[in-house]
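In what follows, a structure is listed as structure tokens, so that the remarks can point back to it.
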Amino acid sequence: MVKKPVKKKYIPSNKEKYMCAKHRKFFTEKLIAWRKEIVKSNNNSAVLSTLDDNSSSADIVDQASSYTEKTVEMRASNRRRKLVNKIDAALRRIKSDTYGYCEETGEPIGLKRLIARPIATLSIQAQERHEQEEKIYIES
């Protein structure tokens, strides 16, 4: 019996050219898998919400609880839908060779940041600047 060698899972490296074909393939697969997971989760929650319906219950507490649960689930579902849109946008950027570069500065976002947040569109510096501006806007 011949053992097959265990294939190591590929992780993008800074030793390779930034956003080379291997990097693009890695992020494409990661984004597609994430998208499938989210769509599956949305489908499961949709099925569960149709099965559990206390809105016609005579008990007001049950009705309120059901309403609250549905509201929370609708918000979560909306967030997941927006996330799917961001994933789709990231996949389009991969196809157009703009993925991995800051939308503001054009500088590389960085592999570590993209591995942690594959839908990132800003470098850490640009993101921090945005958050600082947002904080100043909220405080004034």
Name the residues whose placed amide hydrogens come within less than 5 Å of the amide hydrogen of TYR101, ignoring near sequence neighbours (fewer than 5 apart) on the same chain.
-> ILE109
In the structure displayed, which of LYS95/LYS135; LYS15/LYS82; LYS8/LYS82; LYS30/LYS95; LYS30/LYS70; LYS15/LYS36 lie more than 26 Å apart, Cα to Cα?
-> LYS95/LYS135; LYS15/LYS82; LYS8/LYS82; LYS30/LYS70; LYS15/LYS36
Given the stretch 101-140 reduced to its alpha-carbon atoms as identical point scatterers, what log10 I(q)/I(0) does the Debye formula return at q = 0.34 Å⁻¹?
-> -1.07
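Read-outs throughout are calculated quantities, based only on the coordinates presented, and are distinct from any laboratory measurement. Bear in mind that the values here come from a model prediction, so they are computed numbers and not experimental data.
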